[in-house]
Structure formats: structure tokens, C-alpha cells
Amino acid sequence: VSRVIPVDTFDLVIFGGTGDLARRKILPALYRRFCSGQMEGDSRIIGAARSDHTAEEFQQLIAEGIKEFDPKAYDAEKVAEFTSHLDYVHVDALGETGWKALAEKVSGDRVRAFYFSVAPSLFGALAERLHTHGMADSNTRIVVEKPFGHDLASARALNQDLAAHFDESQVYRIDHYLGKETVQNLMAVRFGNMLFEPLWNAQYVDHIQITVAETVGVGGRGEYYDKSGAMRDMVQNHLMQLLCLIAMEPPARFEPDAVRDEKLKVIRALEAVPADDIVRGQYSAAGKQPNYLDDVGDPTSRTESFIAMKVKISNWRWAGTPLYLRTGKKLKARTSEIAVVFKQTPHSIFGPESGSHRNILTIRLQPNEGMDLGVTIKEPGPGGMRLVDVPLDMTFAEALGPDAEDVPDAYERLIMDVIRGNQTLFMRGDEVEAAWAWADPIIDGWEQRGDRPMPYDPGSTGPEESMMLMHKDGRRWREIK
Ligand code: BG6
């Protein structure tokens, strides 16, 4: 019996429908939901962009995109069936071309979502024109992507542009990390079990580590990246969201505003981070490999492609328990995980020779999604009371069988949530602003001081100094492997 619940019939308009994100992520995600039977009836997906295409050309472009970016799911017949739901309108975001035609296409009484897969500088113009052409009613939802602003002032301006014509309940700000299966599972584990929550505080948790390591460099998107750096590209959004879910108080209900209120409180409780608690890095190969400066084409760039930092949350639950965040490009392996490192037992009855042990709950986002809990047991055999740490494996594929194998990816999940009208996994405007309010002084500090990132070898675990960040506290990073 399929557990897929079809969503209501919808019209989804994708501004920037011929762009990279649409071809690479959005349309392949919709195709997979279509294949799984979630997109029933005569739902329509309408590409809207500046270039002049026929519907057939758009369908062809998307079919090729699916073939290129999701070859495993590609099936010519299915794709043809799927693309028959696709239409195209040539629209000029800043002019009048196409708006009437678009309004006619989406005039029915059904859920209507507009995906702004375009530069943020166009958000205001799009919102305004949707309004002028009668498409901004209560059936309408707006989907926007990061980067949501460059700093607090620009994020505020974007929020105001959208708020001029739409209620907050109509705005879906995507952070695709929230759509990752394990990230949602983190909430299930925290709030669905009696076992963890009583220990989930500074009294029992020594520290928390969040690592998002990537092997890719910034080649290809240097122009965007060099203006952002790891802080704006990853920490202010993806790592911040992970931190919130790990640290928030239990919401009263798993409902959009209950969850987002708790996340906001965490962000507001973050302490300012002193410069000594941050290490910035930039990949730089002494040998042949291109280094960051080649990738962005600017030999003087001071943008960081790596960051490690110690973060403190000033509240009752977490006072005294730091969180260490780390993310970077061109590192040794692609691995993302959260590790909750518990304190040692107050007294070892087995004596010093039994070694030091602690429980670690590891939540792996990728690869090998899953969780394990390290527990200390007796090493089997006659050798006396020797202790060893073993993982209690909570990997879903094994425990749940085939059901766990076909997990929708983040975009599939999030786009369907938009159609269902569920904002739980989307960022609220005040959350984004609070995250910028925390990040801005850090970035301003670097600019004022002319701070230079430390070089690190591609394929390494980042600059040496990032190890020191932990060592000086008598702790160490988990291995990136
Ligand atoms: C994006 C960043 O938001 O997330 C990229 O702009 C980064 O720089 C990507 O590579 C990482 O996403 P994922 O899902 O591959 O971990």
C-alpha cells in the first residue's frame, strides 16, 4: 500500500523556469513526485522567463534536464507524460510583456504557487506585478530561495517587498537543509522519545559539533560565492537551522509557528562571537590544483571558503555548553553530521585503566543518512573489566526496510509542503533577520580589521588553526571521513 498522499491540484509558476536551479533541482524533484503518484489530476507547471520559448521547447528543455541531472529516474515515457503538464510564458519581470497571458493561465480556483527562482533584486518587482495583475489573492503562495539578503538591511528590504503584497503565511522561504530527511528525524528523535530530552542540556552535554564538509570547490559559481563566503553561504542559513533544531525548546505542537517561535528564541539567545573563537580558511594549493583565488579570478580576494567557530547560547538550557560549527569547500570528504557529545560519568568505578569514555549521539545528514548512539560496554572476553565504545546503530535502511530507501529529497519534500500549505519547514521572516543580526557584526569585524583567511590544502580538514580552536578547550573535532 502506497503511503503517498496526493496533493490538491495546483498551478506552479516558476519564474526563472529555464535557469539552472529549475533544471537541476526543481523540475527533477517535481518529476519524481509525479512518478510516485503525488501529483494527480491536471496540475500545471508553468515556466516563466525572459527568453522566448514555445511550450514544446520548454518541455524539451526540461526533459533533457531530467535526463542529465536525474539519469536514474529518467524514463522516456514517464517524462513525456510529466512534461505534458508543462507550459511556458515569456514574461518580463520589469516590463509588461507576458503578464496578462500569465494571469489568464492561472485564473482557476486552485492552489497557486509562484516560485521566485531569480535574483533577489527582482523579488519586489515580481510581487508588485502579481498584485497588479490580480494574482495575489489568498490562494497564492510565494516561494523564495537563498540568498535571502546579504545582511540585515537587505533581508529586511526583501521582507518588506514581499510583505507589501503578501501575508507572512503566504511566503515560503526555502532552506533546503530543513527538507533533508535526517534533519526532520532529529526532531522525531528528540521529541518522540523519553530517553534523550531529559539529558539534552548543559548539565549532561559537554558540547555539540556540527560539521558540513564538502569536497567541491567554488569553480563555476565564483562570482556569486566570492561575494558571500562560507559565513553567508552556509553558516547564516544551513548551519544556523541545524543549530536551532538541536538547541530549541520543545514546541508545544509540531506546527509552523510553534516550531519557528522556538527557533527564533535560540537565534536571539546566541552570544556575540569574539574574533578568537573563529577560524576562517581559504583553499590554496601550493602545487597544481587550482586554488580559491584562481577559481574566483581575483588574486586579492579575502573571502573564506572555510569557517570554524565556537558558538554559545546564553540561556538556561545551554549556558556553559558550547557548540562548534565547521563548514568548508575542498575538504577531505563530503560529510555532514551533528554530534552531541555527552559528559563523562561523574566517577569511574572501573579505575583509570578502563580509559575515558563518553556517549556520543551522531546524526549523519550525508552520506549514509542515519543516527547512532555510542555506548560504552564491556569488551567481551576474559581480560577483566575493559571498556569499549560501540555504536547503537539507528540507520533507517536496516531498521525500516524498503520504506526507508525511497526517501524524497529535500526539494521534493519542500515543494509538496508548499502545495499543502505547511510552513513548518520554512524560515519565517523574523528568523532570517535575527540570523543576519547575529552574523553581521562578525562579518563587519573581518572587514574592518582587513582579516585574511588562513590558507589550507585542498583535500585536507581545513587550516591547522581550526584544530586549535578545539584543542585549547581540551576537546577535538570528530574525524572528517
Ligand atoms: C547551497 C550552497 O545552499 O548548499 C552551496 O550555496 C552548497 O555552496 C550547498 O554546496 C550544499 O548543499 P548539500 O545539500 O549538497 O549539502
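Need the failing condition index for residue 239 against (1) out of contact with any Ser or Thr (no Cβ under 7 Å at 6 or more places or on another chain); (2) closer than 21 Å to residue 461 by Cα; (3) part of a helix (DSSP H, G or I), just the number.
For residue 239, the failing item is (1).
Within segment 186-197, take every residue that is touching a strand residue (DSSP E or B) at 6+ places or on another chain (Cβ under 8 Å) and in a helix (DSSP H, G or I) and give me the one that is nearest to the ligand (Cβ to nearest atom).
186
Please go through segment 288-311 and give me each residue that is touching a helix residue (DSSP H, G or I) at 6+ places or on another chain (Cβ under 9 Å) and in a loop (DSSP other than H, G, I, E, B), ordered by number.
Across segment 288-311, the qualifying residues are 297, 298, 299, 300, 301, 302, 303, 304, 305.
So how many residues does segment 27-56 have that are within 15 Å of residue 74 (Cα to Cα) and touching a helix residue (DSSP H, G or I) at 6+ places or on another chain (Cβ under 7 Å)?
Selection size over segment 27-56: 9.
Listed residues 159, 185; which is crowded, with 17+ Cβ neighbours inside 10 Å and under 30 Å from residue 342 (Cβ atoms)?
Residue meeting the stated conditions: 185.
Being of a type in the set (Asp, Glu) and either touching a helix residue (DSSP H, G or I) at 6+ places or on another chain (Cβ under 9 Å) or within 16 Å of the ligand (Cβ to nearest atom) (or both) is the requirement here; does residue 255 meet it?
On the way: of a type in the set (Asp, Glu): yes; either touching a helix residue (DSSP H, G or I) at 6+ places or on another chain (Cβ under 9 Å) or within 16 Å of the ligand (Cβ to nearest atom) (or both): no.
Judged against the criteria, residue 255 is not a match.
From the list 309, 371, pick out the single residue that is buried (at least 20 other Cβ atoms within 10 Å of the Cβ) and farther than 19 Å from residue 237 by Cα.
The conditions single out 371.
If you check every pair at least six apart or on different chains, which have Cβ atoms under 8 Å apart with a residue in segment 213-226 that is in contact (Cβ under 8 Å) with a residue 40 or more places away in the chain first and a residue that is within 11 Å of the ligand (Cβ to nearest atom) and hydroxyl-bearing (Ser, Thr, Tyr) second?
Between residues of segment 213-226 that are in contact (Cβ under 8 Å) with a residue 40 or more places away in the chain and residues that are within 11 Å of the ligand (Cβ to nearest atom) and hydroxyl-bearing (Ser, Thr, Tyr), the close pairs are 213/327; 213/335; 213/336; 214/327; 217/305; 218/225; 218/305; 225/305.
Inside segment 409-423, can you point out the residues that are under 16 Å from residue 35 (Cα atoms) and surrounded by fewer than 19 Cβ atoms within 10 Å (Cβ to Cβ)?
409
Evaluate the following for residue 216: is it open to solvent by 20 Å² or more (accessible area, probe 1.4 Å) and not in a helix (DSSP H, G or I)?
Taking the combined requirement at face value, the residue satisfies it.
Counting residues that are among the polar types (S, T, N, Q), which helices (runs of 4 or more DSSP H) fully inside segment 71-185 reach at least 2?
152-163
Take residues that are without any contact (Cβ under 8 Å) to a residue 40 or more places away in the chain and tell me which of the helices (runs of 4 or more DSSP H) falling wholly in segment 403-481 contain 2 or more. Break it down stepwise before answering.
Numbers: elements: 410-420, 429-449, 464-471.
Here the list reads 429-449, 464-471.
May I ask you to list the residues in segment 1-38 that are open to solvent by less than 10 Å² (accessible area, probe 1.4 Å) and of a type in the set (A, V, I, L, M)?
Correct list: 12, 13, 14, 22, 26, 27, 29, 30.
Tell me yes or no: at least one residue of segment 305-318 is polar (S, T, N, Q) and closer than 18 Å to residue 468 by Cβ.
Start the filter on segment 305-318 by keeping residues that are polar (S, T, N, Q), which leaves 305, 314-315.
Applying the additional criterion that residues be closer than 18 Å to residue 468 by Cβ yields none.
Scanning segment 305-318, I find no residue that is polar (S, T, N, Q) and closer than 18 Å to residue 468 by Cβ, so the answer is no.
Applying the selection to segment 385-399, what residues are open to solvent by less than 50 Å² (accessible area, probe 1.4 Å) and in contact with a Phe, Trp or Tyr (Cβ under 9 Å, 6 or more places away or on another chain)?
Of everything in segment 385-399, just one residue is open to solvent by less than 50 Å² (accessible area, probe 1.4 Å) and in contact with a Phe, Trp or Tyr (Cβ under 9 Å, 6 or more places away or on another chain), namely 387.
Out of 211, 303, which single residue is modelled with pLDDT of 95 or more, of a type outside the set (A, V, I, L, M, F, W, C) and within 12 Å of the ligand (Cβ to nearest atom)?
Selected residue: 211, the only one of 211, 303 that is modelled with pLDDT of 95 or more, of a type outside the set (A, V, I, L, M, F, W, C) and within 12 Å of the ligand (Cβ to nearest atom).
Filter segment 227-250 down to the residues that are more than 16 Å from the ligand (Cβ to nearest atom) and open to solvent by 10 Å² or more (accessible area, probe 1.4 Å) and list them by number.
249, 250
How about segment 318-341: which of its residues are within 12 Å of the ligand (Cβ to nearest atom), over 18 Å from residue 304 (Cβ atoms) and not in a strand (DSSP E or B)?
334
Being open to solvent by 60 Å² or more (accessible area, probe 1.4 Å), farther than 16 Å from residue 460 by Cβ and not in a helix (DSSP H, G or I) is the filter here; which residues of segment 260-287 pass it? Break it down into steps so the answer makes sense when it comes.
So the first thing to find is which residues in segment 260-287 are open to solvent by 60 Å² or more (accessible area, probe 1.4 Å), and the list is 261, 265, 268, 271-272, 274, 276, 286.
Now restrict to residues that are farther than 16 Å from residue 460 by Cβ: 261, 265, 268, 271-272, 274, 276.
271, 272, 274, listed by residue number.
Can you tell which of 103, 73 is touching a residue at least 24 places away in the same chain (Cβ under 8 Å), within 23 Å of residue 131 (Cα to Cα) and hydrophobic (A, V, I, L, M, F, W, C)? Lay out the reasoning, then the answer.
Details: 73 fails: within 23 Å of residue 131 (Cα to Cα).
Exactly one of 103, 73 is touching a residue at least 24 places away in the same chain (Cβ under 8 Å), within 23 Å of residue 131 (Cα to Cα) and hydrophobic (A, V, I, L, M, F, W, C), namely 103.
Out of the residues in segment 106-123 that are open to solvent by 20 Å² or more (accessible area, probe 1.4 Å) and in contact (Cβ under 8 Å) with a residue 12 or more places away in the chain, state the one that is nearest to residue 174 (Cα to Cα).
Of all residues in segment 106-123, those open to solvent by 20 Å² or more (accessible area, probe 1.4 Å) come to 107-111, 117-122.
If we keep only those that are in contact (Cβ under 8 Å) with a residue 12 or more places away in the chain as well, we get 108-111, 117-118, 120, 122.
On the way: 108: 26, 109: 25, 110: 22, 111: 18, 117: 11, 118: 13, 120: 13, 122: 17 Å.
For segment 106-123, the residue satisfying everything is 117.
The values are calculated or read from the model by the stated rules, or taken from the named source; none is laboratory data. What you are looking at is a predicted structure, and each value in this text was computed from that prediction instead of being measured. Reconstructed Cβ throughout: ideal geometry from the backbone, glycine too, with neighbour counts over all protein chains shown. To get the accessible areas, we keep the full protein, side chains included, count just its heavy atoms, and leave off ligands, DNA and RNA. Shrake-Rupley method; radii C 1.70, N 1.55, O 1.52, S 1.80 Å.
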